[in-house]
Amino acid sequence: MTKELIRLSDCKVAFDGDVVLDNINLYINDKEFLTLLGPSGCGKTTTLRIIGGFLKPDSGDVFFDGARINDVPPHKRLVNTIFQKYALFTHLNVFENVAFGLRVARPDDKKIDKHEISHRVIEMLEVVSLKGFEKRDVSSLSGGQQQRVAIARALVNKPKVLLLDEPLGALDMRLRKDMQNELKQIQQSTGITFVYVTHDQEEALAMSDTVVVMEGGVIQQIGTPEDIYNEPKNAFVADFIGESNIVDGIMRSDGVVEIFGRKFKCLDSGFEPMEPVDVVIRPEDIDIVSPGKGKLTGTITGITFRGVMYDIIVDFHGFKWLIQTTDLCQVGTEIGIQIDPDGIHIMKKSRFSGMYGDYSSYSAEYDDIGDAEHEYEPEDEDEA
Amino acid sequence: MTGMTRRPGFFGRGYNFLILFFLYAPIFVLIAFSFNSSRSRSVWTGFTFDWYKSLVQDESIMNAFYTTIIIAILSAVIATIAGTFAAVGFFSMRKKWRTPLLHINNIPMMNADIVTGVSLAMLFVALGSLLRVNFFGFATILIAHITFNIPYVILSIMPKLRQIDSNLVDAACDLGCTWMKAFWKVIVPEIMPGIINGLIIAFTLSVDDFVISYFTAGGNVMTLPMKIFAMTRRRISPEINALSTILFLTVLAMLIIINVREARQEERLKQSQLMLNR
């Protein structure tokens, strides 16, 4: 299970002097579902294009199964890609789209005979539930169906690695959830290594074995979805993955951190005594108690109903926190809070310190605008 | 939206009719008199095909006709091949280079035909005296026609290239094609409608051209438009009407084909975009 398949070592890419990837080091194991996660322009698509062979790194090496493949062109790599807008061949029907890779004889393969091509294409169309669509024009298919053709067209070649570049970006919410499950299932049943690019953190957490969080052409953190969520390395990761309150703290000793002059127990250690740190507290890890009983006391300034729970904004000494609770509260009420030691996560100070994790300007509306920006901004700089 | 577009009233319609009348009346007179049985250009004396028959019997006219067709086919095919490669080349350039080069490509189309014709003639004269041969004739007309056709071919292919998915070549390479194979198996079929439009436009322009042919032909070869011009200078005969009618109908047919094709392609594009959003 843990055999290394792909390795990028010290990969650097710059377009017209702008550094897009800054010394990327990454290995991908066989049969792994690895996700490159980050906002637009973070370098995730560039990384994918290096693995696919569409882009050569300016410096650094790419290895596949131990062999250096920097100069191996895409058509000789045992890798197939599902592109952002599918890139289907509109002059061919569904069957011919899927058969395309089988009809192009690769230099190392023998030519595949007609019966086998037909057999494999039909079998693959069955896997993606498009049986009976063979003769259809691809431009007459819906977005979801075109997506399935793209999946079949890639998988029919039995690649060792499948690269997926925001494959669900164009689909609506409902269809996206269904396709997430389906892709995960296909990955597990075929045992193909998936390298998946997305800006959607929920998608990344739900599907991946390993998540690679990127920002500014640099890998910020690599870990399992649980690690990334529970133990973010810096303020950027903590903010990008889920909601977080990030406050300044001082490490008093192993297991004790001071926030707003109060000491809290935590599970982190290994910091210098009195070291300034960033403290992450997830909104769901905060318990609301009566004002006298809490470690900190604050005033509720805003409430948003979210269905399962309420998002409430609480003002502590001018710093606004987001707390998620199922209790009904009133704006203007004073509350106390308790945080269990495992609800506190300590991070070293980084260049992202102070940039994220304050909910002063938070409103439901603001949140939606922020999401929309992520949704529709294509990664232009990666396409240059 | 419907409130914005008002149907034209009586005066509006009358004005439209007047414009169309002035545009097409001369051509209809020409066509009508190409079937007139007398040599008169003012009195209708009866219906006849005689002028068309005498066209076919006139060897010099038939020669001009064959020259025109052969030059049109050859120049359209060669310009289409060259223009296709050029368009793909332009398209894969960075925007910084592509935009100015496309503007340069547009200039010859706006340039006055007489300037293009004279400058090509000068070039051929210069080349001829340098190589000590006079190669004015079929070859020079052909080269001239290829030259003025290429920009139009490029212009008709560029929009098709813009429509194709930017990852299409990558997808073909990903599935095992070399770049050259991807070009033939994916790019060419995807832009084929544009290539065919370009071919028809080039053919039409070549058949239609008089000025540039006139300056680059030398003394021995004549295209059909040149022949018509020469005939009007000697004597005005109804054969000219017949010949002009044939030329007009040929170009008209080509234009109809081009427009129908473009309308169909647009319709198909609209439909596929509609599907994608479902």
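Overview of values
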{"read-out": "Selection status of A:GLU166, within 14 Å of chain B (Cβ to nearest Cβ), within 30 Å of A:TYR356 (Cα to Cα), surrounded by 18 or more Cβ atoms within 10 Å (Cβ to Cβ) and of a type outside the set (A, V, I, L, M, F, W, C)", "value": "yes"}
{"read-out": "Flag if A:GLY242 is at pLDDT below 90, small (Gly, Ala, Ser) and within 28 Å of A:GLU275 (Cβ to Cβ)", "value": "yes"}
{"read-out": "Residue pairs meeting the criteria (Cβ under 7 Å; at least 6 apart or on separate chains; first farther than 17 Å from A:LEU168 by Cα, in the stretch B:266-278; second at pLDDT 80 or above)", "value": "B:LEU269/B:GLN163; B:SER272/A:SER139"}
{"read-out": "Residues located in the stretch A:16-42, provided they are more than 23 Å from A:LYS160 (Cα to Cα) and either of a type in the set (Gly, Ala, Ser) or in a strand (DSSP E or B) (or both)", "value": "A:GLY17, A:ASP18, A:VAL19, A:VAL20, A:LEU21, A:ASP22, A:ASN23, A:GLY38, A:SER40, A:GLY41"}
{"read-out": "Condition met for B:GLY194 (of a type outside the set (A, V, I, L, M) and either at pLDDT 95 or above or on the phi > 0 side of the Ramachandran plot (or both))", "value": "no"}
{"read-out": "Any hit, the stretch B:219-240, residues being touching a Gly at 6+ places or on another chain (Cβ under 9 Å), among the small types (Gly, Ala, Ser), within 14 Å of chain A (Cβ to nearest Cβ) and not in a helix (DSSP H, G or I)", "value": "no"}
{"read-out": "Meets criteria (farther than 25 Å from B:LEU199 by Cβ, more than 14 Å from chain A (Cβ to nearest Cβ) and under 25 Å from the mean Cα position of the chain (by Cα)) for B:THR80", "value": "no"}
{"read-out": "Residue identified as within 27 Å of A:ILE6 (Cβ to Cβ) and either buried (at least 21 other Cβ atoms within 10 Å of the Cβ) or in the same structural domain as A:LEU205 (by TED's automatic domain parsing) (or both) among A:SER142, A:SER118, A:SER40", "value": "A:SER40"}
{"read-out": "Breaking point among (1) in contact (Cβ under 8 Å) with a residue 60 or more places away in the chain; (2) buried (at least 18 other Cβ atoms within 10 Å of the Cβ), for B:ALA82", "value": "(2)"}
{"read-out": "Qualifying residue in the stretch B:183-191 (condition: away from every other protein chain (no Cβ under 12 Å) and assigned to a helix (DSSP H, G or I))", "value": "yes"}
{"read-out": "Subset of the stretch B:128-182 that is at positive phi and away from chain A (no Cβ under 14 Å) - its residue that is surrounded by the fewest Cβ atoms within 10 Å (Cβ to Cβ)", "value": "B:ARG132"}
{"read-out": "Strands (runs of 3 or more DSSP E) within the stretch A:175-256 that include 1 or more residues among the hydroxyl-bearing types (Ser, Thr, Tyr), in the same structural domain as A:VAL156 (by TED's automatic domain parsing) and touching a Phe, Trp or Tyr at 6+ places or on another chain (Cβ under 9 Å)", "value": "A:193-198, A:210-215"}
{"read-out": "Some residue of the stretch A:128-149 being farther than 25 Å from A:VAL195 by Cα and touching an Asp or Glu at 6+ places or on another chain (Cβ under 6 Å)", "value": "no"}
{"read-out": "Sole residue being assigned to a loop (DSSP other than H, G, I, E, B), at negative phi and more than 8 Å from every other protein chain (Cβ to nearest Cβ), chosen from A:PHE63, A:PHE133", "value": "A:PHE133"}
{"read-out": "Of residues in the stretch B:3-32 being of a type outside the set (Lys, Arg) and at pLDDT below 85, the one farthest from B:THR232 (Cα to Cα)", "value": "B:GLY3"}
{"read-out": "Filter result for A:PRO283 (under 18 Å from A:LYS320 (Cβ atoms) and either at pLDDT 90 or above or in contact with a Leu (Cβ under 8 Å, 6 or more places away or on another chain) (or both))", "value": "yes"}
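The values are calculated or read from the model by the stated rules, or taken from the named source; none is laboratory data. Bear in mind that the values here come from a model prediction, so they are computed numbers and not experimental data. Counting neighbours? That spans all protein chains shown, and the Cβs are built from the backbone with ideal geometry, glycine included.
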